[in-house]
Structure formats: C-alpha cells, structure tokens
Amino acid sequence: MPLDHLCIVRVLWSLLAGFLLVASERSRADADVADQAKQSQNPIADMISVPFQNNTNLNAGSDRGTLNVLNVQPVVPVSLGPDWAVITRTILPVISEPALSADGNRTNGVGDALFSAFFSPRNSHGWIWGAGPAIQAPTHSDAVLGNNNWGLGPTFVVLHLEAGSPWVYGVLVNNVWSIGSNRLSRAYNNGLMQPFVNYNLGHETYLVSAPIMTVSWTSVGSRQWTVPVGGGVGQIVHLGKLPVNMQLSGYYNVARPIEGPNWQIRTQIQFLFPK
C-alpha cells in the first residue's frame with residue numbers, strides 16, 4: 001500500500017478510535033439534550049455549526065486507488081426579521097485524488113466551493129423547508145480537481161422534526177449548471193439528492209442514513225449515476241460547554257460509473273454553537 005494511502009488509513013482509524021472511546025461514555029442528561037441532538041441533524045437549523053465531513057472512497061479510478069475528500073462546510077444563519085431567515089452553507093472540499101494513469105502522481109489540493117442559501121420560515125413546526133440558489137465557484141488549486149466554469153442552480157430541503165418523536169427525516173436536493181464558456185473546461189450539469197433518516201436512541205446517540213446520490217446529466221449510460229446505500233451511528237459529546245456532533249457511517253455504491261469507487265467510509269465532526 002503506498003505511503004499516502006497508509007496516512008489516510010491511519011488518520012481514519014485514529015478518528016474511529018476516538019469516536020468509539022468518546023461514544024462509550026454517557027453524555028450529560030440536560031433537559032434540552034434530545035432537542036439539541038435533533039437540531040444537529042437539521043441541515044437548515046437556525047444556529048451556527050461547523051462540520052468537517054471526511055469521505056474515504058475506496059477502489060476509485062483505473063488503478064482502484066483511494067479518493068479522499070474532506071468537506072469543510074460551515075453553516076451560518078442570517079436573520080431577516082421575526083419570520084424569516086437565510087441559512088447559508090458553504091462546502092469547500094479538500095481532495096486527495098489517486099493518479100489518473102499508471103505513471104501519474106496523486107493530486108492533493110482544494111476543489112471547487114459550493115455556496116447555498118436557503119430561505120426558510122423561522123417558526124415552522126413539524127415540517128420544515130428551505131429553498132434558494134446554489135453557486136459553484138472555481139476555487140480548485142489544480143485543474144484535475146475542478147472546473148474553470150462557474151455554476152448556478154436551485155437547491156431545496158424539506159424535513160420532518162417534531163418534539164417528542166425520535167425520528168428526523170427529509171431530503172436535500174440541488175442541481176447546478178455551468179455558466180460561462182471557459183474553453184479549458186467542459187460544460188457541466190450536475191444534480192445531487194441526499195435523503196436522510198435519523199432515529200434518536202436517547203443519551204444523545206442516534207442511528208443515521210444519509211447517502212449522497214449524484215448524477216452527471218451530461219454523461220451517458222452507466223456513467224451518470226452514483227447511488228450509495230448504508231448508514232451508521234452518531235453521538236453528541238461535549239468539550240466543556242461546546243456540543244460536538246460525531247458520526248461514523250459506511251456506504252456501498254450500488255450504481256456507479258465504471259471507474260467510480262465502490263465503498264465510502266464517512267467520518268464527521270460537527271461543532272455546534274446553539275444560541
């Protein structure tokens with residue numbers, strides 16, 4: 001196994017060991033614990049959060065290497081008065097991509113950023129929704145890691161979160177079209193759908209399934225879709241008074257491009273800043 005692959009595996013196992021160690025301890029039984037856990041599962045919650053989501057994709061490319069993507073995705077709400085808010089989410093991927101050919105080298109760097117703004121009513125109960133624009137910016141540090149064209153499209157999320165119920169479920173959707181005519185990059189038309197189901201077990205522990213399905217509408221045949229299935233476990237822990245949402249999950253791609261990865265291991269650490 002190449003050295004860079006070993007580094008990725010060691011980091012992954014370190015995160016896993018830390019997760020299992022902390023998750024084995026009982027969390028504090030505050031009156032608002034259940035609500036805090038469920039709010040952490042709401043992608044448009046009216047609070048600041050900073051998730052670091054690491055996706056290790058196995059058997060990618062012609063040489064079946066490891067593709068690692070760390071998504072840094074801060075969520076910042078902006079109040080528009082007592083009735084409405086804009087929930088902004090920026091995703092900046094840090095990518096380690098295997099060589100594209102036998103004599104090539106691994107590429108490490110930053111990919112293209114995706115900014116989303118969800119206009120959402122502040123006093124929703126039961127069913128919660130948000131909708132707005134998604135903008136892709138060519139922030140990549142290497143041509144292999146992104147596209148030189150800007151992108152624009154709609155995004156939408158709807159979920160069910162009800163007091164007294166252990167379930168939190170919903171779906172997030174976006175589709176982004178390239179704009180501009182940069183001759184160094186191909187035009188794109190990419191869609192994403194992320195259904196999510198969480199079941200809260202108590203003591204700030206929950207089960208989660210949140211596969212990220214993607215489609216490239218400009219590709220043909222079996223190269224269009226990536227469809228994963230799977231799930232995992234999450235736990236709210238506390239660093240002093242700071243709540244931290246931790247997740248560990250695994251997904252198998254039942255549909256994928258011919259050189260796409262077949263397995264994904266996801267670890268996430270999300271820092272929460274409730275009001």
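The values are calculated or read from the model by the stated rules, or taken from the named source; none is laboratory data. None of these values were measured; they are calculated from a predicted model. Note: ideal-geometry Cβ built from the backbone for every residue, glycine included; neighbour counts use all protein chains shown. Calculation scope for accessible area: heavy atoms of the full protein, side chains included, ligands and nucleic acids excluded. Shrake-Rupley method; radii C 1.70, N 1.55, O 1.52, S 1.80 Å.
Could you check how many residues of the stretch 233-275 are hydrophobic (A, V, I, L, M, F, W, C) and assigned to a loop (DSSP other than H, G, I, E, B)?
Here is the first cut: in the stretch 233-275, the residues hydrophobic (A, V, I, L, M, F, W, C) are 233, 236-237, 239, 242, 244, 246, 248, 254-255, 258, 263, 265, 269, 271-273.
Next cut, assigned to a loop (DSSP other than H, G, I, E, B) only: 258.
So the count comes out to 1.
Could you list all residues from the stretch 47-75 that are under 16 Å from residue 275 (Cα atoms) and either over 18 Å from the mean Cα position of the chain (by Cα) or open to solvent by 60 Å² or more (accessible area, probe 1.4 Å) (or both)?
Across the stretch 47-75, the qualifying residue is only 48.
Go over the candidates 187, 210 one by one and state the one that is surrounded by fewer than 16 Cβ atoms within 10 Å (Cβ to Cβ) and closer than 30 Å to residue 64 by Cα.
On the way: 210 fails: surrounded by fewer than 16 Cβ atoms within 10 Å (Cβ to Cβ).
Criteria check complete, one pass: 187.
Mind checking whether some residue in the stretch 70-80 is in contact with a Ser or Thr (Cβ under 6 Å, 6 or more places away or on another chain), touching a residue at least 40 places away in the same chain (Cβ under 8 Å) and in a strand (DSSP E or B)?
no
To keep it simple, each residue is scored yes or no on (1) among the acidic types (Asp, Glu); (2) in a loop (DSSP other than H, G, I, E, B); (3) more than 30 Å from residue 259 (Cβ to Cβ); (4) touching a residue at least 12 places away in the same chain (Cβ under 8 Å).
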position: 42; (1), (2), (3), (4): no, yes, yes, yes
position: 46; (1), (2), (3), (4): yes, yes, yes, yes
position: 67; (1), (2), (3), (4): no, no, no, yes
position: 101; (1), (2), (3), (4): no, yes, no, yes
position: 105; (1), (2), (3), (4): no, yes, no, no
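For the stretch 165-184, which positions are more than 19 Å from residue 115 (Cβ to Cβ), assigned to a strand (DSSP E or B) and open to solvent by 30 Å² or more (accessible area, probe 1.4 Å)?
Of everything in the stretch 165-184, those that are more than 19 Å from residue 115 (Cβ to Cβ), assigned to a strand (DSSP E or B) and open to solvent by 30 Å² or more (accessible area, probe 1.4 Å) turn out to be 167, 169, 171.
Among the residues of the stretch 93-119, which ones are surrounded by fewer than 20 Cβ atoms within 10 Å (Cβ to Cβ) and polar (S, T, N, Q)?
As a first pass, look at the stretch 93-119 and keep what is surrounded by fewer than 20 Cβ atoms within 10 Å (Cβ to Cβ): 94, 99-110, 113, 115, 117, 119.
Listed by number, the residues that qualify are 101, 105, 107, 108.
When the stretch 256-270 is examined, which residues are found to be more than 21 Å from residue 219 (Cα to Cα) and either among the polar types (S, T, N, Q) or at pLDDT below 95 (or both)? Write out each step before concluding.
Taking the stretch 256-270 first, the residues more than 21 Å from residue 219 (Cα to Cα) are 263-270.
264, 267, 268, 270, listed by residue number.
Could you grab the pairs with beta carbons closer than 9 Å, sequence gap of 6+ or different chains, first residue in the stretch 142-167 and more than 30 Å from residue 96 (Cα to Cα), second one modelled with pLDDT under 95 and of a type in the set (Ser, Thr, Tyr)?
Once the first residue is more than 30 Å from residue 96 (Cα to Cα) and sits in the stretch 142-167, its partners that are modelled with pLDDT under 95 and of a type in the set (Ser, Thr, Tyr) give 161/124.
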